[in-house]
1. Looking at (1) charged (D, E, K, R); (2) open to solvent by 20 Å² or more (accessible area, probe 1.4 Å); (3) in a helix (DSSP H, G or I), which is the one condition that is false for B:ARG139?
2. Here are the criteria: (1) open to solvent by less than 60 Å² (accessible area, probe 1.4 Å); (2) without any contact (Cβ under 8 Å) to a residue 12 or more places away in the chain. Tell me which single one C:ALA190 does not satisfy.
3. For region B:48-60, which residues satisfy the criterion of being surrounded by 15 or more Cβ atoms within 10 Å (Cβ to Cβ) and either at the interface with another protein chain (Cβ under 9 Å from one of its Cβ atoms) or assigned to a loop (DSSP other than H, G, I, E, B) (or both)?
4. For region A:108-150, what are the residues that are touching a strand residue (DSSP E or B) at 6+ places or on another chain (Cβ under 8 Å), loosely packed, with under 10 Cβ neighbours inside 10 Å and acidic (Asp, Glu)?
5. C:GLU295 versus (1) modelled with pLDDT under 90; (2) charged (D, E, K, R); (3) more than 23 Å from the chain's Cα centre (by Cα): which is the lone unmet condition?
6. Please count how many residues of region C:268-284 are surrounded by 19 or more Cβ atoms within 10 Å (Cβ to Cβ) and closer than 15 Å to C:PRO118 by Cα.
7. Which condition number does C:PHE438 fail, the rest of (1) open to solvent by 30 Å² or more (accessible area, probe 1.4 Å); (2) within 22 Å of C:ARG469 (Cα to Cα); (3) in a loop (DSSP other than H, G, I, E, B) being met?
8. Helices (runs of 4 or more DSSP H) wholly in region B:234-325 with at least 1 residues that are more than 14 Å from chain C (Cβ to nearest Cβ) - which ones?
Amino acid sequence: MPFLPFPLFTDVLLWLLMGAIALYVWYCSRKPHLGAPWARVFQSRTAAICAVVFGCYVAIGFADSLHFRVRLQQAAGSEGTPYSPAVLSVLDLALTHLRERRERTYSAPLATRLYAKEQFEIDGKPVRDFPRLRYGGARLQDEAERPRDIAARIGLGLFVAAFAAVLIGLAVKRLRRRRPQIPWSAGGATLLGVLAAALPVLFLSFEYHVFGTDKVGQDVLYQALKSIRISLIIGTLTTLVLLPLGMALGVMAGYFKGWIDDAIQYLYTTLNSIPGVLLIAAAVLMMQVVIDRHAEWFSTAEQRADLRLLVLCAILGLTSWTGLARLLRGEALKLSQLEYIQAAHAFGVADTRILTRHILPNVAHIVIIAMVMDFSGLVLAEAVLSYVGVGVDPATTSFGTMINAARLEMGREPIVWWSLAAAFVFMFVLVLAANLFADAVRDGFDPRVRMGFVPA
Amino acid sequence: MLAYIVRRVLYAIPILVGVNLITFVLFFVVNTPDDMARMQLGAKRVTSEAIEKWKAERGYDKPLLFNAAAPRGAKLTQTVFYEKSVRLFAFDFGAAEDNRDIANEIRMRMWPSLALAVPVLIVGLAVNITFALFMAFFRATYLDFWGVVLCVALMSISALFYIIGGQYVASKLWHLVPISGYAGGFDAAKFLVLPVLIGVLAGIGSGGRWYRTLFLEEMSRDYVRTARAKGLAESVVLFRHVLKNAMIPILTGVVVVIPLLFMGSLLSESFFGIPGLGSYTIDAIQAQDFAVVRSMVFIGSVLYILGLLLTDLSYTLVDPRIRLQ
Amino acid sequence: MRLRITLILLAFLAFLLSACGEVWNDPYPAQERGKNILYSSFAERPKHLDPVQSYTEDEANFTQQVYEPPLQYQYLKRPYELVALTAVEVPKAQVVEGGKFTIYEVRIKPGIRYQPHPAFVPENQSLSGQAIDRLRSPYDLALGTRELLADDYIYQIKRLAHPRLHSPIFGLMAGYIVGMNEYAQELRAADRREGWLDLRQFPLKGVERVDAHTFRVTLNGSYPQFVYWLAMPFFAPVPWEAEKFFSQPGMERKNFTLDWWPVGTGAYMLTENNPNARMVLERNPNFHGEQYPREGEAGDRKQGLLADAGKPIPFIDKVVFSREKESIPYWNKFLQGYYDMSGINSDVFDQAVRVPIEGDAAVSPEMQEKGIQLSTSVGTSTGYLAFNWDDPVVGGSSERARKLRYAISVAFDVEEQISIFSNGRGIAAQGPIAPGIFGYTEGREGINPVVYDWVDGKPQRKPIEVARRLLAEAGYPDGRDARTGRPLVLYLDTVARGPGDKAVFDWTRAQFDKLSIQLEIRATDWNRFQEKIRKGTTQIFRLGWNADYPDPENFLFLLHGPQAKVRSQGENAANYVNPEYDALFEKMKNMENSPERKRIIDRMVDIARHDAPWIWGVHPKDYSLRHAWLANNKPNNMARNNIKYLKIDVAKREALRRQWNRPVLWPLALTIAILLLSAVPAVISYRRRERMAARPAS
């Protein structure tokens, strides 16, 4: 094989999660009572729009979650096939042109010259000027052609998008006939909008740095795209830890009452009363020490960074299950008083059976809403944690590390704004879509569920 | 009622012991007393004798949790954990590892923290409620729709952007307020305007939306229908009846956080150079100052428990039907 | 409702307008305006201000203004030169008993008086607990003074061995000062762990009082570098009254300790101490007086640094240090004129989390317009990448490992690093010794032949092809082990400091990538990093050294085999060993500067270059940016007692600050207008609704 699949922990979990969701969708489609709330969700135009936008992010994130190592040429007289120690993803492969074109230092979006003056020689005479970029606009003979070239590339992108518009239109027409209650046209229009933005960027990116370059000359667009995966992982895998804990403990406390309830309440009051950032900071620093002391566990730096990310998710999950547990405890308390459950008790049905058959299905909607609502909060939390210095590995590209680095650039004269702008745009759209989608989900399932809000 | 309060206070003790234990374990898994000594003694020319001396002086030379060498009955008490925790319960925090008195420090840093947090809470509450009432009043119109969208958009921006952007625009470009710093007394106003505004703005999204749902819920009740049927103007219904009744969940929600205001805000304080308690703890974690971390976590949990108690009490005050037992 | 809000807003604006005058963003109180005050900042709260313990440069910014050791560095001259401060002259070493001991006799000037301080008033030595409790600052009490005596210097040297204080140089000094170790034991036995330990009762053998203004220090063997220590606060005078005063019960609870409230004879005294926000130094009214230096380095006259030659210093009445944790607000305040100068914190190698300010190497046109000036001078520090000598791949003296180190040294483009990360403020190192130190060779002879060629009158890094060839010779063609075919993976340990890291990491990886070597960066916190170095579990790591004193010994000992970190907890973190180098080091160590010494140093540097245990990195330049109103500023890496030389043109500062900080008001007006306008659709909608007839239930 020319490459060796090299799944990271988070890759595996992410794909498993994807599988689980697919399974759930299939299950829902067979059970009309489960499918109904989702049908209600997708009747909303906002939900359709957000789902498309979110879907684009997910596609990028998953393309970035297929990791592999390239095979190297067999050396004469050696055994075994050597693989490159660099771990790449499918997204990296697709964006090779962005990844490998490193400039020397800062350059503005779509620039052809560096952002800092340098001493260099023209015809043997030392000049102090802005040097041309190694890659950005390098193919242009004359820099005056730049506006025309850019316009041409944007035009080409829009042309392809227009072509796609026809296809989308046809697909929407057909889908609408099959399921008229779903706002296909809104979704289609959004997809078209995304394409109309993405395609010109794509065509521009072959020749320019669309969002400029950072301090060491790396393409900012590439970094923003790489950050998406981290956000998705933090937003989803954290709930994977949080859900079982919150569900099990919350429902148990509410159902069994007595000393179990006391113990669980004690546990979450104690955890809750430690200021959140401190708990997370301490836990993250702790696992960092463990990772540092066991450098031999990891064959590549990616694995180490990946484990750190995974543990970060676990810690975030461990520290934030309390809200859900409290919510579910109240719900289970209420449910266990209901007549049909009392009746089940009277018939001598085992507790485990009552829990799985009666209680859990009745709190499922809360769990789903919690999962969707938590996502955006977690994505935002990552940025703040990185600021405190307990976020992802400092070598990993994430929105948090991007904002953090960009923070320092705001002091430069003239100001370097594009890293911050890129992080802002990509993060804002993701969180906005997630938030609006979460609203739609809540409205579809149970508009009366109150998810925790703390004033100020 | 008094019995209830006493019981809650007693109940707080095991929680505080638990919190203390967690802090202790988390801290010392990361840092050994040797690390702490090195951190305090500096980087250059540190000898192992100096480290031993430092540890012995501060009582970090004992075993952490269990002293097998000690006589029976003292196996648990002659440990770092016991000796460092017991005094906390008498609110005697002792000195930080750099020899500054912690209680003194807290008293000094408390005021800047409050000066920032209290206005953010009060102004934020006023703005959020106004905005939520506005949306509730115009519910199901385009004003409401765009209001909600605005809320969600405001919510979707990381707090870091608000601070970085606000500082850049207001202080650097327009020279309206000092970029950072703090001063006591009335001089504090000019330093606090921007952080308070940013704090309020960052809170409008989630706050406004939350209060809007509260108001809408309240408006679907029967007494509102009766009031409308009486022919009261919509504005009267909203301000006289709905607002009054919705204040109950709003206020009880706010009571929880009041004690925690002392803890300050981490981000604003460090960006705006306000010498409050929020940055104190993070500084202490970074400087591996266990004495401070322990004290701040302890105070944090006490305040949290106090908040819970206050909430319960406030329920009985606003709603006489609830009895605490 | 809306109207009311608008009114409140307007009232508030009016208040702001009246309160702030024409400048709104002045972070300092209005009553300070127009005063002869220097504004500076600090990033980390100082841990110790006691001269026995304080060792970091941040702390030196305070301690060196207050405490006066016998000697100081001449402010302007480079290379650094020791001159007398409170001493009459720089003491000469007297060798006795055929080199067994060396004696330094220090004579101090008579008539020097301490700053006003409560400790010098006898009544203040027995305060009641309540009286102490009421105090807000020690300076609220009655103040007194007394003359500086030789006893105060002796007292401080004894304090180095104090059982309750932790002096970082105790270990070092105990090796030299006669009787120091026994003295420490004696004190430990006599100490009651509480209250004041009167060190006057216990004589120290190696330090004796000759007369009221003379004392003598006896050292074991010879230690020519000792005079440099006499210019550091470790050897500043401490009056016993101060120690006694602060040891009264109840003082410590109020944070009144010698560690926080220094008492000295210097030009300034610390009168406000709030390490979270603000520290204030005020002119010491009892200062003995000093004159601005009359001589300087070539070029100093042209820069106006000698305009005040011979005038009495200090020029400035008061210094306000504000705490700035974030570098961006700090930098912006400097640009707005609220800090008088801005410099890199040279503790960058230390654990400080501070990130260097993003400025430009040359002053940008915008800054030129403001009259901001840049002064640089090469510092006495070095930042390097070390190869762990004990590592099987990159360490050791084998040909294979050496070639590998050569290849990496050539590929690691230090010049690019300087231009990207230090904005050009640094010099690529050719060896361990920093420029300006005896033993550093300029020009063609001084280049490191492993990495550089001499082209067109300047050193030029060898092309990357040379590095690739060296790598192939080392047995790793194309970054792959020729024997196993496996790609070469190396590990770099470094300290994660903060947000700027990612860029540094990416850049560093790119350097190794040029050779197709995969570099894995293991970033960790300072403690863990130190632990790894102590245990020797590193491969390549990044470190730096700030010289204690301007002597080559202070650099060359970083490679001295017997001081290896793993084996003897020394400062040789790379664990480098070379017998010839070590032998030469012993010989060179105690020599006075001479051509002979230079010859030995050259040989040592050659050996080190040949073995390449470090990638000789950067000698960072000290730099400072200053506003047009600040005069007499010259960066000085050895000493921090520079404030007494500075001078401010207050009127010019006022005028420029006003000009730069005019508030821009239209955005405020616009915001209010938008708020008002947004009410329009609401009103329309409200009207419509009020007029609406009943509607079907929703």
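The values are calculated or read from the model by the stated rules, or taken from the named source; none is laboratory data. Every value quoted in this text rests on a predicted model; they were computed, and no experiment measured them. Methodologically, a virtual Cβ is constructed for each residue, glycine included, from the backbone with ideal geometry; neighbour enumeration extends over all protein chains shown. In case anyone asks, the SASA skips ligands and DNA or RNA and just uses the protein heavy atoms, side chains included. Shrake-Rupley method; radii C 1.70, N 1.55, O 1.52, S 1.80 Å.
1. It fails just one condition, (3).
2. Here C:ALA190 clears every test but (2).
3. B:ALA50, B:LYS53, B:TRP54, B:TYR60
4. A:GLU121
5. (1)
6. Within region C:268-284, residues that are surrounded by 19 or more Cβ atoms within 10 Å (Cβ to Cβ) and closer than 15 Å to C:PRO118 by Cα number 3.
7. So the condition that C:PHE438 fails would be (2).
8. Details: elements: B:243-257, B:266-271, B:277-286, B:290-318.
Per the criteria, B:243-257, B:290-318.
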